[in-house]
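Have a look at the structure below, then the notes.
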Amino acid sequence: MVMKDENANEEKKSLSFVEQFVEEDLAEGKNGGRIQTRFPPEPNGYLHIGHAKAICMDFGVAEKYHGVCNLRFDDTNPSKENTEYVENILNDIKWLGFKWGNIYYASDYFQKLWDFAIWMIKQGNAYVDEQTSEQIAEQKGTPTTPGTASPYRNRSVEENLELFNKMNTPEAVEGSMVLRAKLDMANPNMHFRDPIMYRIIQTPHHRTGTTWHCYPMYDFAHGQSDYFEGVTHSICTLEFVPHRPLYDKFIDFLKEMDGTATNLHDNRPRQIEFNRLNLTYTVMSKRKLHTLVDEHLVKGWDDPRMPTLCGMRRRGYSPESIREFIDSIGYTKFDALNDVALLEAAVRDDLNKRACRVSAVLDPVKLVITNYPEGQEEEMLAINNPENEADGNHAITFTKNLWIERSDFMEDAPKKFFRMTPGKEVRLKNAYIIMCEGCTKDADGNITEIQATYDPLSKSGMEGANRKVKGTLHWVSADHCVKAEVREYDRLFYVENPSADGRDFHELLNPDSLQVKNDCYVEEYAANKKPGDYLQFQRIGYFMADNDSTEEHPVFNKTVGLKDTWAKQNNK
């Protein structure tokens, strides 16, 4: 019996605090035992990895407790939203491996919200304010001093109704009027100091066109939308902690209008907040990400240097690695700055299990096997993935003339250099042991060709061919390879926490975040790979074909190296 209790306690400890709250509600029989969450993005940009953390929680809780997670687009600001963002949000959620129950839009509830606002005015709980935004902000006071009432606060119900209806006309001027809730200008919670409920926006909406000219604010629309849909747990990030009392207050009003005020605690969305995901050398601000795109500082939202999910997908990250990373850092009540190296380690570990091994040479120098028969060709067997036998193998052609990495040869090498140098043997992967004879240089002293001889009895897999040499090099046949472009990426910002740096973030951009190599060679098998195929360029790193890739001009993005070289560079 004791053992059972201990196991139960251990299981509870392993739950996130969000899951513990959910289990408490289930144990108390709240909401009839229903679990319903929602993911509510605003369609004004592309999703980034910070959103992925929320997605994993919202969808994960619903999945774990046999509930449903709906997708709701918070489309209350038509000046910043469009259908392009909607479509990409749908694609990103599917790519991460989640399925929504239903798709809703805040705009589905515009009429209900309008009717609720009318009720608020009639109850004397809302009024139209004609002050400027600067005046309203000034009159709100500070957290330690009370605010000052608006001169329009005590307008009659009739006048407020007339002005509110005028706000929703084509003639209404943006910024001339807002509808505010009449709450408490002395409340220590600044969000209670007569918050704005509606403002005028004369931009056609991507779904409702010009039906509306007056749109609800987030704080007014969000909780009510949760209530309309039957959400049981509204899970959001820590910046919404001070918004929670207002969230509950508006729902109190709504339940009063519906005549259900006596049952305030059941069938009420429970707001739970967790910490945001912040990464080193990265910005998550949607405004700054927009700037990067709009000013062409990156090549679009899906630039592989961006923290967007579509950028990570294009770079070659797997959805499984992102989910594993998010699971590893967990959910807390404290904001933290996570090392991007942890994300890259998760990507590296996952791709090791799924990437096909291929040969590529990024900085080529010619290697001629002088005693190999002219015109002879052999197909060598290359294992696709030693971590998964079921992935099989493929053939790579061996010939007299090869390409190898320039860094794999040194004419005057130190003692512990176990690659190619005159008078020493190395093995060519999946092929033969060779002995380096020397090299040829141009007039400037640059090495243009390396010569070596091969041992015909040392072919990989041949009986008795396992004599040991200390170095193994990868290669591609100069006669059976394809020229390719390779794009290598570094941190987009050169400071660890650009969001906290006082300088203009433009000054913090890393000028060397993209390096393009145009004279690379890949084996023919690799050249046929498509975006979405995970590759390991042997001894170099993980790569994926880019969307720009064509049959005539393959392009590959470097996803992540085989090891974390960044940490080594910065610890010198």
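The values are calculated or read from the model by the stated rules, or taken from the named source; none is laboratory data. Quick caveat, the model's predicted, so the values are computed rather than measured. Heavy atoms of the whole protein, side chains included, go into the accessibility calculation; ligands, DNA and RNA do not. Shrake-Rupley method; radii C 1.70, N 1.55, O 1.52, S 1.80 Å.
What pairs from K94/K558; K99/K140; K286/K483; K249/K333; K140/K333 go past 31 Å between their alpha carbons?
Check vs 31 Å cut-off fails for K99/K140; K286/K483.
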Worksheet item: Considering only protein heavy atoms, what per residue accessible area in square angstrom results for the range 393-464 with a 1.4 angstrom probe?
Response: 51 Å²
Practice prompt. Would you tell me the accessible area of E485, worked out with a 1.4 angstrom probe on the heavy atoms of the protein chains, in Å² to the nearest 10?
Written response: 20 Å²
Worksheet item: What order do D442, D219, D194, D512 take when sorted by accessible area (1.4 Å probe), most exposed first?
Response: D512, D442, D219, D194
Item to complete: Using P(r) over Cα pairs in 20 Å bins from 0, in percent as the read-out, say which of (1) 20, 56, 23, 0; (2) 17, 44, 27, 8, 3, 0; (3) 17, 40, 26, 13, 3, 0 was calculated from these coordinates.
Response: (3)
Discussion item. Please enumerate, by chain and number, the lysines with C-alpha under 19 Å from the C-alpha of K429, excluding those fewer than 8 residues away in the same chain.
Written reply: K366, K400, K459, K468, K470
Response to the item:
The relative contact order of the chain, taking Cα pairs under 8 Å that sit 6 or more residues apart, comes to a percentage of 11 percent
Worksheet item: Measuring with a 1.4 Å probe in the full set of protein chains, what accessible area per residue, in whole Å², belongs to the range 205-347?
Response: 38 Å²
Worksheet item: With every protein chain present, what accessible area does C481 have (1.4 Å probe, heavy atoms only), rounded to the nearest 10 Å²?
Response: 30 Å²
Practice prompt. Counting only heavy atoms of the protein chains, get the accessible area per residue of the range 1-141 (1.4 Å probe) and round it to a whole Å² value.
Written response: 46 Å²
Fill in: Helix 319-329 vs. the chain, principal-axis angle (Cα, 0 to 90°, nearest 10)
70 degrees
Worksheet item: Would you list E273, E171 from the most to the least accessible area, probe 1.4 Å?
Response: E171, E273
Practice prompt. Using only protein heavy atoms and a 1.4 Å probe, report how much of E552 is accessible, in Å² to the nearest 10.
Written response: 150 Å²
Discussion item. Quick one: 3J(HN,Hα) in Hz for the range 366-380, Karplus 6.51/-1.76/1.60 with θ = phi - 60°, rounded, Gly and Pro as x.
Written reply: 6, 10, 10, 8, 5, 9, 7, x, 4, x, 6, 9, 9, 9, 9
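So what is the 222 nm mean residue ellipticity for the chain from helices alone, if each DSSP H run of at least 4 adds -39500 (n - 2.57) and you divide by all residues, rounding to the nearest 500 deg cm²/dmol?
Rounded to the nearest 500, it is -8500 deg cm²/dmol.
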Item to complete: Would you mind telling me the share, in percent, of accessible area of the chain contributed by carbon and sulfur at probe 1.4 angstrom?
Response: 48 percent
